[in-house]
Amino acid sequence: MTISAHQAFEFLAYSVGFQLFLMQRRKAGDVVAPRVRWSLVAAAILGGALGSRMLFWLEDPSTTLFRLDDPWYLLAGKTAVGGLIGGLVGVELTKKALGVSTRTGDLLAVPLAVGIALGRIGCFLEGLADRTFGIATSLPWGVDFGDGVRRHPTQLYETLFLAGLAVVLASLARRPHADGHVFRVFMMAYMAFRVLVDAIKPDPHLALGLSAIQWAALLTLGYYVFVFRQQPAQPAQSRATA
């Protein structure tokens, strides 16, 4: 049995991300009852798994239709943007069903940033098979993934961006903030980055020159900009004494 670099770094991403989540939860304490917390975790996992695959199917609709009888293709492909959106929808629907109004995403912001950053290293090492590389470039840091063409290493761009974002998010988390603010910053920053970086990927355009991932990221960014303007960044006590 062999383990690819992608599998190794994906396992590392999940492991490190989960440990970071546990560390932050021990420091901050539970914001919801344990029974509710694990229901939300299950909803995030299931929603994320479904969302990541649905957006992958939409990336190249013609290929998906051609390979509808190929379960390996349908189940193996996944996208980080789709996973985040699916996980978000799953958690919000579950919270509504359970009558939970507490915002619970802040503890996930740094673990998600670090986890995705590590996962992208595996994508980079996987090379052409992973289909996350950029378009051809003449820039000195262009990478030849084995076919003689130097391409933008967009996987490493994402790793570097998320590493910096994780530092910013950790700093925000240590300051007084309204519940949910750190997670909103993470989602806005990551979705904006994906709209930009996916512009230099050779993905099929779905409409108006944008790929399915760019459209999904753009719509999610628009939603969070609206939420950001409606909800304060500072806790109520800080606003009262400002």
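Values in this text are rule-based calculations from the coordinates and carry no lab data. Computed from a predicted structure; not experimentally measured. Here Cβ is always computed from backbone atoms with ideal geometry, including for glycine, and neighbour counts include all displayed protein chains.
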Please sort 183-191, 65-73 by packing, taking for each peptide the average over its residues of neighbouring beta carbons within 10 angstrom, highest first.
183-191, 65-73
Considering Cα pairs under 8 angstrom that are at least six residues apart, work out the relative contact order of the stretch 31-175 and quote it in whole percent.
21
Amide H of R150 versus every other amide H placed in the peptide plane: which residues, excluding those fewer than 5 positions away on the same chain, fall under 5 Å?
T137
Per q in 0.08, 0.09, 0.13 Å⁻¹, report the Debye log10 I(q)/I(0) for the chain, using one uniform scatterer on each alpha carbon and no solvent.
-0.33, -0.41, -0.86
Which value at 222 nm does the chain reach when only helices count, each DSSP H run of 4 or more adding -39,500 (n - 2.57), with the total divided by all residues and rounded to the nearest 500 deg cm²/dmol?
-22500 deg cm²/dmol
Net charge (Lys, Arg +1; Asp, Glu -1) of residues whose beta-carbon lies under 13 Å from that of G146, G146 excluded, is -2
Provide the net charge surrounding L74, with neighbours chosen by a C-beta distance below 10 Å and charges set as Lys +1, Arg +1, Asp -1, Glu -1.
0
Whole-angstrom Cα spans of the stretch 112-174 along principal axes, big to small
47, 22, 12
If amide hydrogens are placed 1.01 Å from N in the peptide plane, which non-local residues have theirs closer than 5 Å to the one on K201?
I135
Using Cα centres only, tell me the gap between the stretch 59-74 and the stretch 162-194 in whole Å.
35
Radius 15 Å from Cβ of Q24, net charge of other residues (Lys, Arg +1; Asp, Glu -1)
+4
Alpha carbon Rg of the stretch 1-112, scaled by the compact-globule rule 2.2 N^0.38 Å:
1.23
Using R₀ = 25 Å, calculate the FRET efficiency as 1/(1 + (r/R₀)^6) where r is the Cβ-Cβ separation of F226 and D179; round to 0.05.
0.90
Phi-based couplings in Hz for the stretch 21-32 (Karplus 6.51, -1.76, 1.60; Gly and Pro marked x)
4, 5, 4, 5, 5, 5, 6, 8, x, 6, 9, 9
